[in-house]
Amino acid sequence: MSIAPALREATARLSATSDTARLDAELLMAHALGLSRTDMLLRQRELAVPATFAALLARRLNGEPIAYISGTRDFWTISLTVTPDVLIPRPDSETLVEAAVDHFAARAPTSILDLGTGSGALLLAALSEWPTAQGLGIDASPGALAVAQGNAARLGLATRAQFRLGDWGQGVDGPFDLLLINPPYIARDAALAGDVLREPGRALFAGTEGLDDYRRIIPDLPRLIAPGGMAAIEIGHDQRVAITALLEGVGLAVRPLCDLAGLDRCLVATR
Ligand code: GLN
């Protein structure tokens, strides 16, 4: 079969379970061909559908996220390997990197701490932004740390990125110019559906209100944020008031930022 009808047929089948059926079909086809999506689309007349496409489509129809099937996801300016050991980096989390870029417009941060680093997305995006900075990524999952370490190596950032198994900021020696923090923040009983159910629950769920991990992280922040530094903290769209109160309760100043959809997504905390 040639590419165009195969994409049409796959899109029709995927639209029953995916909001992004056409894009999914294109990404799977590109992955099966070992091409970028753009190259696949440009060259589709001369290409045939590879035998592996059917199996990739079956996995997607079965609910597996595209990023786990292709094993990669772009975030900010970098491309990351992702596995089911890590949360798939979201475009909304780029809000945290943007906040840091704004804050450090005049001088570069020299030290960066990423709490709950997962794939390493936030730390590695920041390290590629500031070529002289050193970074530390903490995670409670050995599987996630292995993914992050692999990403640092592939991106040529391994000499500037350290990764360590840990429990948020506990036992971490600070301070750091820049902290990037995307903890789990979904309430335990939230009714989730779709792709997110394939992602690691420990990266998503945090107690009855989704606040448990913030309560563990925030008491350490005053000693971990350097004077003139900042923490960019991802939050759920309905958590601004509660988490602002926790941050102000330890004496930090707080500024909220919205994501691409205009929802509360990030709090910038400074001393
Ligand atoms: N924004 C993610 C989601 O809604 C949750 C990420 C998190 O808990 N840190 O799927």
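Descriptive notes on the structure:
- FRET efficiency, Arg271 to Arg13 (Cβ-Cβ, R0 51 Å, nearest 0.05): 0.40
- Listed residues Ile78, Ile243, Ile88, most fluctuating in the chain (Gaussian network, C-alpha, under 10 Å): Ile78
- R0 of 25 Å, Cβ-Cβ distance Ala245-Leu192: FRET efficiency to nearest 0.05: 0.45
- Simple point charges give the picture: +1 on the Cβ of Lys and Arg, -1 on the Cβ of Asp and Glu, and for region 3-63 a dipole about the Cα centre of about 60 debye.
- Crossing angle, helix 240-249 versus the chain [Cα axis fit, 0-90 degrees, rounded to tens]: 30
- 3J(HN,Hα) from dihedral phi, region 219-229, Karplus parametrisation 6.51/-1.76/1.60, rounded to Hz, x for glycine, proline: x, 7, 5, x, 7, 8, 8, 6, x, x, x
- Choice from Thr77, Thr110, Thr38 with maximal GNM fluctuation in the chain (Cα, 10 Å cutoff): Thr38
- With the simple spin-label model, which puts each label point 7 Å out from Cα in the Cβ direction, the Ala153 to Leu61 separation comes to 3.7 nm.
- Cα gyration tensor shape of region 73-270, rounded if a/c is under 1.5, else prolate or oblate by comparing a/b with b/c: rounded
- Beta bridges assigned by DSSP with both partners in the chain are antiparallel in approximately 45 percent of cases.
- Antiparallel content of DSSP bridges confined to region 1-139, in %, to 5: 50
- Where labels lie 7 Å past Cα in the beta-carbon direction, separation of Arg215 and Ser70 in nm: 4.0
- Each residue of region 120-131 was assigned a 3J(HN,Hα) from its phi angle through the Karplus expression (A = 6.51, B = -1.76, C = 1.60, θ = phi - 60°), giving x, 3, 5, 5, 6, 4, 5, 5, 6, 6, 10, x Hz with x at Gly and Pro.
- Gain upon complete extension [Ala108, Leu42; 0.36 nm per residue less C-alpha separation]: 19.8 nm
- Helical content of the chain, expressed as a calculated mean residue ellipticity at 222 nm, amounts to -10000 deg cm²/dmol (DSSP H runs of 4 or more residues, -39,500 (n - 2.57) each, divided by residue number, nearest 500).
- The chain: angle of helix 142-154 to the longest principal axis, Cα-based, in degrees nearest 10: 80
- Given their separation in residues at 0.36 nm each and the Cα-Cα distance between them, Thr77 and Met1 gain 23.8 nm when the chain is fully extended.
- Backbone N under 13 Å from the Asp238 label point (7 Å along Cα→Cβ), restricted to region 205-222: 209-211
- When the Gaussian network model of the chain links Cα atoms closer than 10 Å, the mean-square fluctuations of Met230, Met40, Met29 top out at Met40.
- Rounded to 10°, Cα long-axis angle of helix 3-14 versus longest principal axis of the chain: 60
- When both region 120-185 and region 1-34 are represented by their alpha-carbon centers, they are found 35 Å apart.
- Distant-in-sequence amide contacts of Gly135, defined by a placed amide H-H separation under 5 Å and a gap of 5 or more residues or a different chain, comprise Ile112, Ala161, Gln162.
Each reported figure results from applying straightforward, stated rules to the coordinates on display, with no laboratory input. Values in this document were obtained by computation on a predicted structure and should not be read as measured data. Counting neighbours? That spans all protein chains shown, and the Cβs are built from the backbone with ideal geometry, glycine included.
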